[in-house]
Structures are given as structure tokens and as C-alpha cells.
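First the structure, in the form of C-alpha cells, and then the observations on it.
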Amino acid sequence: MIVADRKSLEEILSMVKDYKNILILGCKGCVTVCNVGGVKEVEILASALRIARQKEENEINIDTNVIERQCDNEYVAQIKDSVGNYEAVVSMACGVGPQFLSEAYREQKFYPAVNTTFFGGAVAHGIWEERCAGCGTCIIHDFDGLCPVARCAKSLLHGPCGGSSKGKCEISKETTCIWDSIVSKKMEQGRLNDLLKVRAVKDWRTARDGGPRRSIREELTK
Amino acid sequence: MRLSYPSNIKVIQVPCTGRVDILHLLNAIENGADGVYVAGCLEGECHYLTGNIKTRKKVNYVKRVLQEIGIEPERVAMFNLSSAMGLRFAEIAREMDEKIKALGPTPVRKKEAA
Ligand code: SF4
Ligand code: SF4
């Protein structure tokens, strides 16, 4: 899923400082699963902002709503009757949400309440980690299911680098050196020789380097 | 036991402190409470195993939120005591009452509807 973190209240407060009537719009997709922009988090943010503004004696009216997904126009269309009732809308979806909203409602202003960070999953309750960088040409089968593109700080395809120490990456003691994990797993399975394979230079045009991407499924298009 | 504790404290009963949510605490502050505290069972003695431990984390979350928006985080607190500790209950109530009185009234004032 797409993982995000909520922006600081200070930043969100400064985004809405000139408004007295806003909507906070959550999303039931990824940001609900990573507990940053679903029903609960929308209400918490609304309450925190109201408290802050009451304290400044500058009350703000905040309505809340949560739609199925902000990355699908059919759900974005569900707010068409109410979106005009506000001076601004704060979206708690990933970065896709405020963009779909801005495209659908040109006259309204949309603000992102979260910083969208990575594609990953929960490794423990309350802890999410990056697993994929969306490079467009998946090669993890060569690395026993461990992705060096997303999980090596240098995206090395022939690692590890000299900074690998005791299973940790040189960037931080908290970060696993994924190349240490890849090599260990290959050794465990007696397949270390796999890593001797000389691979062609990776074609990064399928990744972000090739510009914005698009997926088309002919059988579904109208 | 006829223990007295400050009469300005309003007790809200819940089946387990695990039921207390971040939103309950925030809403109390939003609606003008000067302070709010959770009295949970002793750690390790929750009938539902971890309700009190989870709620301590929620209380800490609310403290961080208040800190971020410039409100004294001490207005929100968590205590642990058993149902057999009536004396301690009254003592905590007095402690909290004194602490909040020292902080003064909440800066969160809703404009009275005209
Ligand atoms: S190789 Fe590319 S597509 Fe596959 S997991 Fe890594 S970043 Fe994602
Ligand atoms: S220490 Fe490991 S994970 Fe870190 S940059 Fe080097 S090879 Fe990559």
C-alpha cells in the first residue's frame, strides 16, 4: 500500500490560517490502512485544529467526510454538491487525492494534510517499512524476493557496498543493509553463485526517470 | 469508606480504560474541560490484558497534540491504581485538581452562541 505520515499541526494550521470554514476529507484506501487519513484520523485532526483555533479566539468551522477512494473519479464525484460550501478542503489522502480533487473541482482549493512517503507494508503493529520503489521492471526474483532498488540506499544491483557492517547500512544503525540480507539468504540456500550473474544495465526509463507513467488496459477502455 | 475528593471532578465510567479513545480526550478539551485524566488498573492487571497500556499510549499521543498547539500537556494524564485503592483514588483526584488549578483555566474557550 501507499504509506504516508501526517504533516505537523503547525504546518496544517498555517495552511488554513485564513479560512473559517473548511472540509477535511479522508480516504478509505491506503491511508486508512496505515492509520493516517481514515475516519478516526480525520476526526482527530478536526478536533486538534478546532482546539488550536479556539485557543487563538479565532474559531473555525470544520466539517468532515471520508470517501471510498480519492484516486477514483467516481468517488471524487460524490462530493460535488458539498465541495462548494467551503473556503478550502484539506485532504488526508496520499498525494494522488488532492490532485484528483483539484482536477475535478477547479474552483476549489485543496491542501494535503499528509506527506506521502513510500510503497510498503506493516512489519509490526504501528510500524511500516518501504518495500518497493515502483521501478516499472520488477527484478526481485533475482534477489530472492528482496528488493535492492527500494531497500538499498544506493539502489545497487551488485552489492553490497563498502559501507555494509554487521548487517546494517552505513546510512543508519536502524537500517538493514538489504545486500547483507540478500547475500545471507543466497548462502543459506546454497545459491550464492546466482549473484555472479552479470546483468545488463537496468533500464530506468520504466521508472520515474522516463517521465510520468501511464497504464492502459485496452480491454477496459471505452 | 467515606473519602472525599474535589467535587469539580466528573467521573465517567467505562468498562475498561482500553475503551477510552484519543477522540474522547480531545473532545473533552475541545468542549472546555480544564483537564482530563484516565484512571486505569495497575499495569499487568488489565482484565483485557493490555487495555490500560494501550490507553497510556493514547494519552501520550494527546499530550503531544496539545504540546504541538501550545497547550500545557499536563492537562491530560493517566494514572494506574486498583479498585481496592480508594485512598489513592482520592489522593490522585486532589493531585490533579491542584495541578490544574495551578495551570489555570483552559485557554480553549468556545465563543458562546449569541
Ligand atoms: S524491483 Fe522495482 S518493481 Fe520490483 S520491488 Fe523493487 S522497486 Fe518495486
Ligand atoms: S550498506 Fe548495504 S544497503 Fe547501505 S548502501 Fe551499502 S549495500 Fe546498500
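Every read-out reported here was derived from the displayed coordinates using simple, explicitly stated rules and does not represent laboratory data. Predicted, not measured: the structure shown is a model, and the values here were computed from it. Don't worry about glycine lacking a Cβ; one is built from the backbone with ideal geometry, like all the others, and counts go over all protein chains shown.
Figures for the structure shown
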| read-out | value |
| --- | --- |
| Failed condition for B:ASN31, given (1) free of Cβ contacts under 8 Å to residues at least 60 places away in the same chain; (2) within 14 Å of chain A (Cβ to nearest Cβ) | (1) |
| From A:SER165, A:SER215, residue being within 16 Å of ligand 2 (Cβ to nearest atom) and hydroxyl-bearing (Ser, Thr, Tyr) | A:SER165 |
| Test: residue in the stretch A:205-217 that is within 14 Å of chain B (Cβ to nearest Cβ), away from ligand 1 (no atom under 16 Å from the Cβ) and under 24 Å from the mean Cα position of the chain (by Cα) | no |
| Top-ranked residue of the stretch A:105-152 - restricted to ones that are away from ligand 2 (no atom under 16 Å from the Cβ) and of a type in the set (Val, Ile, Thr), ranked as farthest from A:LYS186 (Cα to Cα) | A:VAL114 |
| The stretch B:47-64 residues that are of a type in the set (Gly, Ala, Ser), paired with ones that are surrounded by fewer than 19 Cβ atoms within 10 Å (Cβ to Cβ) (beta carbon under 7 Å, 6 or more apart) | B:GLY51/B:CYS16 |
| Matching residues, the stretch B:73-114, being away from every other protein chain (no Cβ under 14 Å), loosely packed, with under 15 Cβ neighbours inside 10 Å and in contact (Cβ under 8 Å) with a residue 40 or more places away in the chain | B:SER82, B:SER83, B:GLY86, B:LEU87, B:ARG94 |
| Criterion (more than 30 Å from A:SER14 (Cβ to Cβ) and in contact with a strand residue (DSSP E or B) (Cβ under 7 Å, 6 or more places away or on another chain)) met by exactly one of B:ALA90, B:ALA28, B:ALA39, B:ALA77 | B:ALA39 |
| Residues located in the stretch A:17-46, provided they are small (Gly, Ala, Ser) and touching a residue at least 24 places away in the same chain (Cβ under 8 Å) | A:GLY26, A:GLY29, A:GLY37, A:GLY38 |
| Filtered residues of the stretch A:4-60 (kept if more than 13 Å from chain B (Cβ to nearest Cβ) and either at positive phi or in a helix (DSSP H, G or I) (or both)) | A:MET15, A:CYS30, A:VAL31, A:THR32, A:VAL33 |
